[in-house]
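The values are calculated or read from the model by the stated rules, or taken from the named source; none is laboratory data. Predicted model only: the values in this text are computed from it and were never measured. Backbone-built Cβ (ideal geometry, glycine too); neighbour counts: all protein chains shown.
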Amino acid sequence: KASHVQKKCSLQEESLGRGSFTRIFKGSKTDIREGERQNTDVLLKVLDGSYKNCWESFFEAASLMSQISHKHLLLVYGINIMVQEFVKYGALDLFLRKKQGSVPVSWKLDVAKQLACVLNFLEEKKIVHGNISAKNLLLAREGDSSIGTSPFIKLSDPGISVAVTVALDRIPWVAPEVLEAPETWGMECDKWSFGTTLWEIFNGGKAPLQGLDPQQKLMFYENHEQLPSPKWTELADLIGRCMEYDPALRPSSRGIIRQLNSLITSDYELLDPGLSAHA
Ligand SMILES: N#Cc1ccc(Nc2nc(N)cc(-n3ccc(CO)n3)n2)cc1
């Protein structure tokens, strides 16, 4: 029997910030099941008025995500104004910048592994996310090694599809081939973005190519340049393989998981004790 559930979202006044085309607010939804009231924190993403014209790709992204479920995929409750589960610690890039490099390597590898797992899930479903980045990774659990809890991330919605966004401001997250011919891009573009996100995770959440103007970012791709390599060579290799300009040379998500596992089991402490601080 379909339980009669009445949903009501109350909206907190101040907005929490902005996505690229959206304003985000914290709210709460009240479900009434069999007369029993149940409150859940939610995050509301409202499409900016000026971007009303791309509402269909906004809804397309949201409805796609509301059709599949995975523990590391963000729950989207509704797509009229995109009501999302409120994720306690917010976007990963801001969290890492706040933590100023005091995050252990094991924590970063754990988060990278979770992202690789959800990437594998999407690959098996033949779904291209198209917007993998540290700001779209939400931290549901902070993780504290002193009490033995590990971090837990949720990959956010793709947001406005790549075709609509001014792809230049998505360099170096958007794969080069997507700039060339948006209609041809496939699964491999998420591998490229995984590499960029891995770079962000090991660089304190700093935005790559920060300060470059769109023209200079375009030249970065024209000249087939790479992001500055981290000191840890095995990590640099993995980032480099994901950020291959030829999509066919990028590893599969299973290949990424295998390589991450070998990083996790390698004795990066013994290699270079200082490594675990700034890798
Ligand atoms: N201080 C603080 C703080 C801010 C937000 C959250 N929670 C949250 N939950 C979501 N479902 C989505 C998001 N987003 C944040 C940026 C975007 C753009 O995509 N989404 N933040 C938690 C703490």
Scan the stretch 228-279 for residues that are modelled with pLDDT under 95, over 19 Å from LYS206 (Cβ atoms) and in contact with a His (Cβ under 8 Å, 6 or more places away or on another chain) and jot them down. none
Go through the stretch 168-182 and give me each residue that's hydrophobic (A, V, I, L, M, F, W, C) and at pLDDT 85 or above. ILE171, TRP173, VAL174, ALA175
Could you grab me the full set of residues in the stretch 57-78 that are under 23 Å from ASN120 (Cβ atoms) and small (Gly, Ala, Ser)? ALA61, ALA62, SER63, SER66, SER69
Could you check how many residues of the stretch 27-64 are closer than 17 Å to VAL76 by Cβ, surrounded by fewer than 15 Cβ atoms within 10 Å (Cβ to Cβ) and either touching a Phe, Trp or Tyr at 6+ places or on another chain (Cβ under 6 Å) or at pLDDT below 70 (or both)? 2
Looking at LEU249, LEU168, which one is in contact with a Lys or Arg (Cβ under 9 Å, 6 or more places away or on another chain), without any contact (Cβ under 8 Å) to a residue 40 or more places away in the chain and farther than 23 Å from HIS72 by Cα? LEU249
From the list TYR77, TYR89, which one is over 25 Å from ILE239 (Cβ atoms) and hydroxyl-bearing (Ser, Thr, Tyr)? TYR77
Residues that are surrounded by fewer than 19 Cβ atoms within 10 Å (Cβ to Cβ) and within 21 Å of the chain's Cα centre (by Cα): find the helices (runs of 4 or more DSSP H) completely inside the stretch 179-274 holding 2 or more of those. 233-242, 253-265
Just checking, how many residues over the stretch 134-157 are within 12 Å of SER193 (Cβ to Cβ) and crowded, with 22+ Cβ neighbours inside 10 Å? 4
Residue that is farthest from the ligand (Cβ to nearest atom) [pool: residues in the stretch 76-127 that are among the polar types (S, T, N, Q) and at pLDDT below 95]: SER106
For the stretch 1-26: of the residues being charged (D, E, K, R) and over 25 Å from LEU137 (Cβ atoms), which is modelled with the highest pLDDT? LYS8
